[in-house]
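Let me begin by presenting the structure, written as structure tokens, before commenting on it.
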Amino acid sequence: MANPRLLSEIAKVKPVYNIGAITARVGAAAISDRAYKDARSAMIRQTRSRFTQALHDRGFTVWPSSGNFVLLRPPGYSARSLHEALRSRQIWTRYYPQPDLADKLRITIGTDAQMQQVIAAIEAINI
């Protein structure tokens, strides 16, 4: 929500990951439903905590997060190779080659089942 003139300027430089009008309306409705938002937020925090612990247990460095993602550094192998190995298994992560981030991956928190799939894939990868 913003001033329409401001939004028209932002639209000129917005990133490629856009959402449609229906998705925007559903998102706005979800945000306005405080009970739903609070329940989802709690679920994401719990899943993020379990996922972070599972990564720590496997030697990963994981930075503290208050969002719906974690930033991690793999133990003993490159973030890029992990990114590519996960991608080959249809698990999408964010890899940024900039110097301060090249040794890290960003993984968005999904459902418990999805995060268990990520852990299982990490365990299966031979890097």
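Throughout, read-outs are computed from the coordinates displayed, never taken from laboratory work. A quick note: this is a predicted structure, and the numbers were derived from the prediction, not measured. Note that each Cβ is placed from the backbone with ideal geometry, even for glycine, and that neighbours are counted across all protein chains shown.
Worth a mention:
- Compared with the dominant Cα axis of the chain, that is its longest principal axis, helix 34-57 is turned about 20°.
- Put in order of Cβ neighbour count within 10 Å, fewest first, the listed residues His83, His56 become His56, His83.
- In this structure, Leu101 and Arg45 have a Cβ-Cβ separation that, at R0 = 25 Å, corresponds to a calculated FRET efficiency of about 0.55.
- From phi via Karplus (6.51, -1.76, 1.60), per-residue ³J(HN,Hα) for the stretch 21-26 in Hz, x at Gly/Pro: 4, 5, 4, 4, 5, 5
- If you wrap the stretch 4-124 in the convex hull of its Cα atoms and look at it from every side, the mean projected area works out to 9.5 nm².
- Multiplying the residue separation of Ala35 and Ala2 by 0.36 nm and subtracting their alpha-carbon distance yields 9.4 nm.
- Annotation for Ile19 and Gln116: the two label points, set 7 Å from Cα along the Cα-Cβ direction, are 2.8 nm apart.
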